[in-house]
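First up is the structure itself, then whatever we jot down about it.
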Amino acid sequence: MTSQRTRERLILRLQSMGIQSDAVLDVIRNTPRHIFVDEALASRSYENTALPIGYNQTISQPYIVAKMTEALLEKGVPDKVLEVGTGCGYQTAILAQLVGKVYSIERIDALLNKARENIRALKFRNVRCKHGDGNHGWPEHAPYDGIIVSAAPIGVPQTLLEQLAEHGRLIIPVGKAGQQKLLLITRTDDGFQKEQLDLVSFVPMLEGVG
Ligand code: SAH
């Protein structure tokens, strides 16, 4: 169920959907996604689907994690990355293996505690998590070379744009349920450049803490 063959099938599926980065595919292949979900769902953890993690939230679909991570790394390896929406910490774990440092914010305390346990179990030392509202970013460590947002606001929060370093990349789903677009926003010398990567379906980005 969680065997190497099952994982390999997922990698083939991601490749067939257009994921090309070997670095990203290798990390997904070698990261135990089953530890991030409930035991009852472990047998489905290498399917290319989002799964419930409690509190009305989901672990992101592997394709989406791969797509966002690939977009983040496309122009080189970022040192400092901010993640909004830690959830169970799966995307955090993928990032921790590919970038310098990860700062991750989650508004639901109980989920954040689970994520911390998972990250500790996998022995990552370059991750810091905090309980809070990601709409405000994490100003103490800004600017970030990359920002990945795993919940969809209606519009791009200005604060996140402000916390992006020169040439930094923000990957964010934007829009109402049923009509969300995954955007890549790059900070350029004279402003921001926007590109649409995909159509997606994320949980909404909420205000305040849960
Ligand atoms: N990154 C996770 C996906 C988690 S789902 C993964 O790898 O699977 C999105 C998460 O965003 C949820 O846990 C939700 O609680 C959180 N979230 C929603 N609005 C938020 C906000 N304003 N600040 C921080 N986290 C938020």
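Taken together, the values in this text are just the output of simple stated rules run on the coordinates, not laboratory data. From a predicted model like this one, the values you see are computed outputs, not experimental measurements. All Cβ positions, glycine included, derive from the backbone under ideal geometry; neighbour counts span all protein chains shown.
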>> As a test of the formula, what do you get for the chain when each DSSP H run with n ≥ 4 contributes -39,500 (n - 2.57) and the sum is divided by the residue count, at 222 nm and rounded to the nearest 500 deg cm²/dmol?
In response: -8000 deg cm²/dmol
> What list of ³J(HN,Hα) couplings, whole Hz, do you get for the stretch 128-144 from phi and the Karplus terms 6.51, -1.76, 1.60, once you set θ to phi - 60° and write x for glycine and proline?
Replying inline: 10, 10, 8, 8, x, 9, x, 4, 9, x, 9, x, 4, 10, 5, x, 9
> Would you list Tyr63, Tyr55 from fewest to most Cβ contacts within 10 Å?
Replying inline: Tyr55, Tyr63
> At a Förster radius of 45 Å, what calculated FRET efficiency corresponds to the Cβ-Cβ distance of Glu207 and Asp22, to the nearest 0.05?
Replying inline: 0.70
> Among the helices of the chain (complete DSSP H runs), which have Cα atoms covering no less than 15 Å along the helix axis and a Kyte-Doolittle mean of at least -0.5?
Replying inline: 62-73
> Top mean-square fluctuation among Leu72, Leu170, Leu12, Gaussian network model of the chain, C-alpha springs under 10 Å?
Replying inline: Leu12
> Asp198 to Arg120: extension gain in nm, 0.36 nm per residue of separation minus the Cα-Cα distance?
Replying inline: 24.8 nm
> In whole Hz, what ³J(HN,Hα) sequence does the stretch 93-102 give by Karplus (6.51, -1.76, 1.60; θ = phi - 60°), x for Gly and Pro?
Replying inline: 5, 5, 4, 4, 8, 10, 10, x, 9, 10
>> Going by amide H atoms built from the backbone, whose H comes under 5 Å of the H on Gly132, apart from near neighbours?
In response: Glu106, Arg107
> Which of rounded, prolate, oblate describes the stretch 97-188, given a ≥ b ≥ c as roots of the alpha-carbon gyration tensor eigenvalues and a/c under 1.5 marking rounded, otherwise prolate only if a/b is larger than b/c?
Replying inline: oblate
> Taking K and R as +1 and D and E as -1, what net charge do the other residues with C-beta under 15 Å from the C-beta of Glu8 add up to?
Replying inline: +3
>> Give me the one-decimal Kirkwood hydrodynamic radius in Å for the chain, with the sum taken over alpha-carbon pairs.
In response: 17.0 Å
>> Tell me the relative contact order for the chain as a rounded percent, counting alpha carbon contacts under 8 Å between residues six or more apart.
In response: 15 percent
> Where the centre of each part is set by its Cα atoms, how far does the stretch 175-210 sit from the stretch 67-86, in angstrom?
Replying inline: 14 Å
> Taking neighbour Cβ counts within 10 Å as the exposure measure, how do Glu117, Glu47 sort from fewest upward?
Replying inline: Glu117, Glu47
>> Suppose each label sits 7 Å from its Cα in the direction of the beta carbon; what would the Glu166-Asp189 distance come out to in nanometres?
In response: 1.0 nm
> Can you give the longest stretch of the chain with no exposed loop site, where a site means trypsin sites (Lys or Arg not before Pro) in a DSSP loop (not H, G, I, E or B) with at most 13 other C-beta atoms within 10 Å?
Replying inline: 1-74
